[in-house]
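Structure, as structure tokens:
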Amino acid sequence: MIRYPRRTLLRAGAAFVGASALGFPAIVRAQAEKIRIGHLTPLTGFLGVIGSYAQLGVKLATEEINASGGILGKQIDLLSEDSINPATAATKAQRMLEQDGAVVLLGEISSASSLTIMQVAERNKKVFFSTGARSDALRGKNCNKYSFHCDIPNTVMVNAVGTALSQKGMVKGKKFFTLTADYIFGHDLLKAAKSFFGAHEANLIGDELIATDVTDFSPYLLKVRQAKPDVVCCNLAGNQVTNLVKQYAEFGLPYPLVGFNLNTGDAWAAGAGNLSGTWPTVWYHTLNNPASQAFVAAFSKKYGKPPENHAWIEYITLKLLAEAINTTKSTDSSELIAYFEKQSQFDIMKARKAYFRSWDHQLVQEAYPFTVKPKDQMKDQWDMLVLGDAVPAANDPLETIYPTKEQNPCEMKA
């Protein structure tokens, strides 16, 4: 079962009142026979496009799990809502746990909103799977024992793209100019980028912090033109990436545009012929993996379009959560935490299995750099990207691209 916001349900309230006196015990009994999961993701604002994909992915996973018998023989009752902003996200998360009876929370793309949900989860001693937030700080100085992080963090994205650029001779001795989202995610991404530049003898000659509601990038692109960098690097998020890419193409600047963050939904929205350069991703629908292609086929059949990376990560997160609950035979937070901290491995539809690190709860997995197809080689509007080789290389430990304990200031409270 998939539930929707209360505003929708209240329209039927008058009809329900007349029957409530007789039907209420049965309703309570039906609720007890379901496992309720709270899901929050941005459906509006600058992350709304990719958030809509996230919701479709988790809904598909819910339907498949329920069709195969549910979790512990019970159906999932999914409460999925727009997180809107950090304060609203926290309020909704608290309501889902305290009033609606959710046993676990998952979702979110905004690092700022994810942080507030993490605090709610810790206060209520309930597990939260942060599916799409990428700030290093969430699994670093802000980590807590109830929160698990499914997407690749900023450091991994920087390492994936930086390695690809280094192989092309585009890092050492080169001058970079960065455009950065002015909130926790962007600040964190810039910090990781500066660390990479310093370690690989690149020079950061300029950076502009840009508010998340900015749509006209011409003042910043004029500064780029004046600075004359060798490479321009995008540290923006959501539809800001789409807008920048389109305007950058219109300006006709001669400096290659690359990025340390891009979601495929935003790449598609940029349109054929506008995007170029090298970018990072956690997954793409052309990945040559049988389980991944089966997911792509099911999603495409149901929704009439291929899944974006946030659809994939929501889908695999609910699937691995269901696996964990069925294995432990419990929805108790302490039992689930203990299970994941054993670094149990999960098939996430990639060449290598993934696991949550015990000390910072990061899902350790492969990542990919990608480049952009020429417009005349695209089969359709979604056939835009070409995946590079997975990082790390097949013979290297997965953790080689992740922050170490020395680099990541995570201290879990008992």
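The values are calculated or read from the model by the stated rules, or taken from the named source; none is laboratory data. The structure presented is a predicted model; accordingly, all values stated were derived computationally and were not measured. Note that we place each Cβ from the backbone using ideal geometry, even for glycine, and neighbour counts take in every protein chain shown. Surface accessibility is based on the protein's heavy atoms, side chains included, excluding ligands, DNA and RNA. Shrake-Rupley method; radii C 1.70, N 1.55, O 1.52, S 1.80 Å.
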Given a Förster distance of 25 Å, report the FRET efficiency between LEU72 and LYS125 from their Cβ-Cβ distance, rounded to the nearest 0.05. 0.75
For the chain, modelled as a GNM with alpha-carbon contacts under 10 angstrom, which of LYS145, LYS175, LYS342 fluctuates the most? LYS342
Percent antiparallel among DSSP beta bridges (both partners in the chain, rounded to 5): 25 percent
Test of understanding: in a Gaussian network model of the chain with alpha carbons linked when under 10 Å, which of LEU221, LEU115, LEU387 would top the mean-square fluctuation ranking? LEU221
Stretched out fully, how many nm does the piece from ALA291 to ASN326 gain, at 0.36 nm a residue minus the Cα gap? 10.5 nm
Which number comes out as Rg/Rh for segment 83-143 once both Rg and the Kirkwood Rh are worked out on C-alpha atoms? 0.93
Could you state the angle between the C-alpha long axis of helix 184-199 and the longest principal axis of the C-alpha atoms of the chain, as a value from 0 to 90 degrees rounded to the nearest 10? 40 degrees
Rounded to the nearest 10 degrees, the helix 13-32 long axis (Cα) sits at an angle to the longest Cα principal axis of the chain of 90 degrees
Could you report the chain's accessible area per residue, 1.4 Å probe, as an integer in Å²? 41 Å²
Whole-number D in µm² s⁻¹ for the chain, Kirkwood Cα-pair radius fed into Stokes-Einstein, 4 °C, 1.567 mPa s: 59 µm²/s
If every alpha-carbon in segment 155-291 counts as one equal scatterer, what log10 I(q)/I(0) does Debye give at q = 0.09 1/Å? -0.24
Stretchable slack from LYS405 to ALA298, in nm (0.36 nm times residue separation minus alpha-carbon distance): 34.6 nm
Please report the carbon-and-sulfur percent of the accessible area for the chain; probe 1.4 Å, protein heavy atoms only, DNA, RNA and ligands left out. 52 percent
For segment 308-318, take each phi angle, set θ = phi - 60°, evaluate the Karplus expression 6.51 cos²θ - 1.76 cosθ + 1.60, and give the result in whole Hz per residue in order, putting x for glycine and proline. 8, 4, 6, 5, 4, 6, 5, 4, 6, 5, 5
Of LYS305/LYS373; LYS228/LYS379; LYS74/LYS126; LYS246/LYS305; LYS92/LYS145; LYS59/LYS350, those spanning more than 25 Å from alpha-carbon to alpha-carbon: LYS228/LYS379
Expressed in nanometres to one decimal, the distance between label points 7 Å along Cα→Cβ at LYS168 and VAL386 is 1.0 nm
Which aspartates and glutamates does LYS223 reach when only Cα atoms under 14 Å apart count, and residues fewer than 8 places away in its own chain are ignored? ASP207, GLU208
Using alpha carbon centers only, segment 340-414 is separated from segment 110-132 by a whole-angstrom value of 21 Å
Farthest toward the dipole's positive end in segment 292-401, which of TYR303, SER334, ALA390, given Cβ charges of +1 (Lys, Arg) and -1 (Asp, Glu) about the Cα centre? TYR303
Give the list, by residue number, of cysteines in the chain with no other Cys Cβ closer than 4.7 Å, or say none. CYS150, CYS233, CYS234
May I ask you to derive the FRET efficiency for LYS223 and GLU335 from their Cβ-Cβ distance with R0 = 41 Å, giving the value to the nearest 0.05? 0.15
With a ≥ b ≥ c the root eigenvalues of the C-alpha gyration tensor of segment 277-414, is it rounded (a/c under 1.5), prolate (a/b larger than b/c) or oblate? oblate
First measure r as the distance between the Cβ atoms of ASP347 and SER195, then evaluate 1/(1 + (r/R0)^6) with R0 = 25 Å and state the FRET efficiency to the nearest 0.05. 0.20
